[in-house]
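The values are calculated or read from the model by the stated rules, or taken from the named source; none is laboratory data. Bear in mind that the values here come from a model prediction, so they are computed numbers and not experimental data. All Cβ positions, even for glycine, are placed from backbone atoms using ideal geometry, and neighbour counts span all protein chains on display. Calculation scope for accessible area: heavy atoms of the full protein, side chains included, ligands and nucleic acids excluded. Shrake-Rupley method; radii C 1.70, N 1.55, O 1.52, S 1.80 Å.
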Amino acid sequence: MLDTLLELQTRDTAIDRLRHRRDALPERAALESVQTELGTMQQQLGDATARREDVAREEQRFDDEARSLEEKAAEVERRMYSGEVTSPRELQALQADVDQLRRHRRGLEDRELEVMERREALDAEVSELGRRAGELEAEAGRLAGALGEVEGEIDGEMAVERSARDELAATVGAGLLDDYEHCRHRARGMGAARLNGNTCQGCHLSIPSVEAERIRKSPPGTVAHCDNCGCILVP
Ligand SMILES: [Zn+2]
C-alpha cells in the first residue's frame, strides 16, 4: 500500500511538472508581448485616423468655400456682361467685387494647399501604422497557433498522467490518501518519499538513525512522517 503511494507521487510530480511547463510556456509570454505592442499600435492608428479625418474635413471646408466664392464671382461677371448694367461706375464697382472675391478665393486655396499637405502626411502615417498593425496581427495569430499546439500536446500528456493517477488513487484507502494529499499540500508537492538509509528522498535531509530504524522495524503499513518535510516515509 505504501509503495503505491510512491507510484502515486511519481504521477503527481509528473502532473505538477506538466502544469508548470504549461504555465511557463515561452510562446505565451511572446504572444502577450505582441498583443501589448499591437494594442499600442492600434491606439496610435486610431489617433492618427481621427487627426486625419479632422484635417480632411478642414480641407473640404476650404474647398467648399473657395468654390462658393468662385460661383459668386462668376455670377457677378455674368451680370457685368449681360448688358443689364451700363453705368461705367456700376461696372467698375462690379469688377472690384469680382477682384475681391477672387483674391479671397486664392487666399483660401493657399490655405487649402497647406492643409492638403498635412493631410497627405497623415495619410502616409495612417497607412504605415496600418501596415505595422497588420504585421503584428499576423504575428499574434502565428504565436496563438503555436501556443495552442504546445498546450494541446501538454494537455494530452496531462490527461494520460491524470487517468493513471486516478486509477492508482482508487486503490489507496481514503484515510491514507487524505494523509498523502495533506502532506503534499504542506511539503510543496511531496506527499510520500522513500526512506533511503537515514535520508528522506523527499527533502534529502537525514532523520535520526534511531527513528529510521524504528520505522523500518514497524509492522508493514505503519505510517510514519519525515520530521523535516512532513511527507509519508516509505521504508
Ligand atoms: Zn523529508
* Asked: For segment 196-209, what are the residues that are within 12 Å of the ligand (Cβ to nearest atom) and assigned to a loop (DSSP other than H, G, I, E, B)?
  -> 198, 201, 202, 203, 204, 205, 207
* Structure fact -> Being within 16 Å of the ligand (Cβ to nearest atom), surrounded by 13 or more Cβ atoms within 10 Å (Cβ to Cβ) and of a type in the set (A, V, I, L, M, F, W, C) narrows 164, 224, 133 down to just 224
* When residues of segment 188-221 are filtered for being β-branched (Val, Ile, Thr), within 19 Å of residue 176 (Cα to Cα) and open to solvent by 60 Å² or more (accessible area, probe 1.4 Å), how many remain? -> 0
* How do the pairs read when you match residues in segment 35-50 that are surrounded by 15 or more Cβ atoms within 10 Å (Cβ to Cβ) with residues anywhere that are in a helix (DSSP H, G or I) and of a type outside the set (A, V, I, L, M), using Cβ under 7 Å and keeping only pairs 6 or more apart or on different chains? -> 38/137; 41/132; 45/130; 48/125
* To do: Evaluate segment 179-195: report whether one residue or more is away from the ligand (no atom under 16 Å from the Cβ), part of a helix (DSSP H, G or I) and basic (Lys, Arg).
  => no
